[in-house]
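These notes concern the structure reproduced below.
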């Protein structure tokens with residue numbers, strides 16, 4: 001039997017992850033069955049389960065991938081020397097968040113992952129590890145602050161709050177939220 005190329009395997013995995021993301025965004029984790037994802041991916045059951053033996057494995061893969069992409073963007077923002085003022089750094093981060101909300105809508109999956117992490121201890125550990133890495137990026141953004149670790153934790157919470165408000169309440173945009181942050185941080189921040 002001929003060996004399947006690594007490119008083919010990667011393309012098939014990508015096909016499954018994209019189909020799962022569409023299903024999870026549309027119907028949520030609990031309303032989406034494995035059959036829904038298999039159908040959306042256009043694969044046989046056997047081909048599908050070769051890549052993801054369970055829905056939890058699929059959710060973990062999407063969470064890791066989504067936050068991995070976010071870390072790359074945050075690293076670019078946090079790696080600027082000299083570090084920009086906090087207000088400017090937060091504008092950049094809010095722009096990243098807005099692209100993720102408005103673009104492929106994977107921010108909707110992030111909110112579901114947050115909730116699922118409270119129920120599933122293994123996913124909870126994964127989320128804790130991932131978000132510690134994200135919070136570390138915020139600590140880097142806060143290097144000019146008196147207590148960068150504490151300020152980084154608060155800045156991270158502000159962005160999570162923006163995502164939740166944007167998705168659940170609406171009637172807010174990155175510009176308005178940034179103006180609130182600037183007012184909160186004070187002049188010269």
Query raised in the report: What single numbered condition from (1) within 25 Å of residue 163 (Cβ to Cβ); (2) assigned by TED's automatic domain parsing to the domain that holds residue 168 fails to hold for residue 24?
Result: (2)
Report summary line: Note on segment 174-189: residues surrounded by 13 or more Cβ atoms within 10 Å (Cβ to Cβ) and either at pLDDT below 90 or in contact with a strand residue (DSSP E or B) (Cβ under 8 Å, 6 or more places away or on another chain) (or both) are 185, 189
Report summary line: For residue 83, the lone unmet condition from (1) more than 30 Å from residue 175 (Cα to Cα); (2) over 22 Å from the mean Cα position of the chain (by Cα) is (1)
Query raised in the report: Among the residues of segment 69-79, is there at least one that is modelled with pLDDT of 90 or more and either assigned to a helix (DSSP H, G or I) or over 30 Å from residue 132 (Cβ atoms) (or both)?
Result: no
Query raised in the report: Has segment 99-110 got at least one residue that is loosely packed, with under 14 Cβ neighbours inside 10 Å, farther than 28 Å from residue 26 by Cβ and either out of contact with any helix residue (DSSP H, G or I) (no Cβ under 9 Å at 6 or more places or on another chain) or outside the structural domain of residue 23 (by TED's automatic domain parsing) (or both)?
Result: no
Query raised in the report: Can you name the residue in segment 92-119 that is touching a residue at least 60 places away in the same chain (Cβ under 8 Å) and not in a helix (DSSP H, G or I) and, of all such residues, is farthest from residue 152 (Cα to Cα)?
Result: 104
Requested in this report: Using the structure shown, decide if residue 89 is without any contact (Cβ under 8 Å) to a residue 24 or more places away in the chain and part of a helix (DSSP H, G or I).
Outcome: no
Query - Output for segment 121-173, where each listed residue is touching a helix residue (DSSP H, G or I) at 6+ places or on another chain (Cβ under 8 Å), surrounded by fewer than 16 Cβ atoms within 10 Å (Cβ to Cβ) and not in a helix (DSSP H, G or I) - result: 144, 172, 173
Query raised in the report: With respect to the numbered conditions (1) within 16 Å of the chain's Cα centre (by Cα); (2) under 29 Å from residue 173 (Cβ atoms), which one is the sole condition not fulfilled by residue 60?
Result: (2)
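The values are calculated or read from the model by the stated rules, or taken from the named source; none is laboratory data. Not measured: the values here are computed from a predicted model. Counting neighbours? That spans all protein chains shown, and the Cβs are built from the backbone with ideal geometry, glycine included.
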